[in-house]
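The structure appears right after this line, and notes come after that.
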Amino acid sequence: MTHPPVELVIFDCDGVLVDSERICVKVDALITAELGCSFTEAEIVELFVGSSGEVYTAAVEERLGRRLEKDWQLQYEHLYEEALAAELTAVDGITETLDALTVPFCVASNGHHGGIRSSLTLTSLLGRFEGRVFSASDVSLGKPAPDLFLHAARSMGVDPARCAVVEDSAYGVQAARAAGMRAFGYCGGLTPAARLEGPGTVVFDDMRELPALLGSAGR
């Protein structure tokens with residue numbers, strides 16, 4: 001099957017541009033333990049990585065057996081901020097990849113705008129995405145719904161069929177497929193390749209491979 005050439009690359013942020021998932025998983029484990037509904041790091045990777053805040057809250061409430069107050073996560077924001085400020089780095093190979101791309105690119109993340117900008121600033125990547133940052137807070141439903149990716153494509157003026165999405169989570173590749181976009185599943189982080197595989201998806205483990213993969217995607 002012949003695909004149209006890729007005209008826009010949509011990057012997820014956490015785990016794709018910035019190596020934050022390993023840090024946040026450890027913080028998630030601390031928080032759920034403090035709440036009295038411990039999740040192991042393996043469970044967090046499977047259930048939460050790439051999910052929306054609503055999915056996270058629902059899973060915690062189910063295990064707790066009670067509802068949490070609105071905005072319950074705000075009291076823990078400082079834990080993420082401190083850990084990221086101390087440890088966050090760009091994903092290995094991402095700067096070379098961005099330099100090699102010959103088509104426009106943007107970022108579309110389930111995180112909120114402040115968090116996305118902070119992560120990109122800490123890793124000196126913000127300048128590459130200025131004016132092209134999209135958040136789940138911009139749409140009604142975050143990933144795994146397709147809304148965010150469709151919003152990004154519409155804002156950038158590109159047909160979804162000509163978009164490629166780079167994701168590291170099962171929720172993310174599911175959203176890309178639902179949006180009618182080609183998915184590139186990066187398994188160089190925490191999510192195993194098997195969780196990313198599926199129709200319309202290329203799985204790879206070295207970010208430096210992406211430009212060549214994108215180049216062959218239209219053939």
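Within the stretch 91-101, the set of residues being in contact (Cβ under 8 Å) with a residue 12 or more places away in the chain and either surrounded by fewer than 19 Cβ atoms within 10 Å (Cβ to Cβ) or of a type in the set (Asp, Glu) (or both) comprises Asp92, Gly93, Thr95, Glu96, Ala100, Leu101.
In the stretch 200-209, the condition of being among the basic types (Lys, Arg) and within 15 Å of the chain's Cα centre (by Cα) is met by no residue. Please work out if Arg195 is of a type in the set (Lys, Arg), at pLDDT 95 or above and open to solvent by 40 Å² or more (accessible area, probe 1.4 Å). No.
A residue that is touching a Leu at 6+ places or on another chain (Cβ under 6 Å) and free of Cβ contacts under 8 Å to residues at least 60 places away in the same chain cannot be found anywhere in the stretch 65-78.
Answer yes or no as to whether Leu141 is closer than 22 Å to Arg208 by Cα, over 13 Å from the mean Cα position of the chain (by Cα) and either in a helix (DSSP H, G or I) or modelled with pLDDT under 95 (or both). Taking the combined requirement at face value, the residue does not satisfy it.
Condition test on Ala161, is it over 24 Å from Arg22 (Cβ atoms), open to solvent by 60 Å² or more (accessible area, probe 1.4 Å), assigned to a helix (DSSP H, G or I) and aliphatic (A, V, I, L, M)? Can you show your working first?
Values: over 24 Å from Arg22 (Cβ atoms): yes; open to solvent by 60 Å² or more (accessible area, probe 1.4 Å): no; assigned to a helix (DSSP H, G or I): yes; aliphatic (A, V, I, L, M): yes.
In short, no.
Criterion applied to Gly15, Gly36 was being of a type outside the set (Val, Ile, Thr) and buried (at least 21 other Cβ atoms within 10 Å of the Cβ), and the one residue passing it is Gly15. For the stretch 61-80, the set of residues classified as over 18 Å from Cys24 (Cβ atoms), open to solvent by less than 50 Å² (accessible area, probe 1.4 Å) and part of a helix (DSSP H, G or I) consists of Glu61, Leu64, listed by residue number. Of all residue pairs spaced 6 or more apart or on separate chains, those with beta-carbon atoms under 7 Å, a first member in the stretch 106-132 that is open to solvent by 30 Å² or more (accessible area, probe 1.4 Å) and a second member that is of a type in the set (Val, Ile, Thr) are His113/Val133; Arg117/Val133; Arg132/Val107.
Just the residues that are part of a helix (DSSP H, G or I) and touching a helix residue (DSSP H, G or I) at 6+ places or on another chain (Cβ under 9 Å), please, taken from the stretch 164-183.
Initial filter on the stretch 164-183 (part of a helix (DSSP H, G or I)): 170-178.
Ala170, Tyr171, Gly172, Val173, Ala175, Ala176, Ala178, listed by residue number.
Here's a check for you: in the stretch 17-55, which residue that is hydroxyl-bearing (Ser, Thr, Tyr) and farther than 17 Å from Gly115 by Cβ is farthest from the chain's Cα centre (by Cα)? Walk me through it before giving the result.
We begin by selecting, within the stretch 17-55, every residue hydroxyl-bearing (Ser, Thr, Tyr); these are 20, 32, 38, 40, 51-52.
Checking the rest, the ones that are also farther than 17 Å from Gly115 by Cβ come to 32, 38, 40.
Details: Thr32: 21, Ser38: 24, Thr40: 21 Å.
Here the answer is Ser38.
The values are calculated or read from the model by the stated rules, or taken from the named source; none is laboratory data. For clarity, every value in this text was computed on a predicted model and none was experimentally measured. Cβ: placed from backbone, ideal geometry, glycine included. Neighbour counts: every protein chain shown. To get the accessible areas, we keep the full protein, side chains included, count just its heavy atoms, and leave off ligands, DNA and RNA. Shrake-Rupley method; radii C 1.70, N 1.55, O 1.52, S 1.80 Å.
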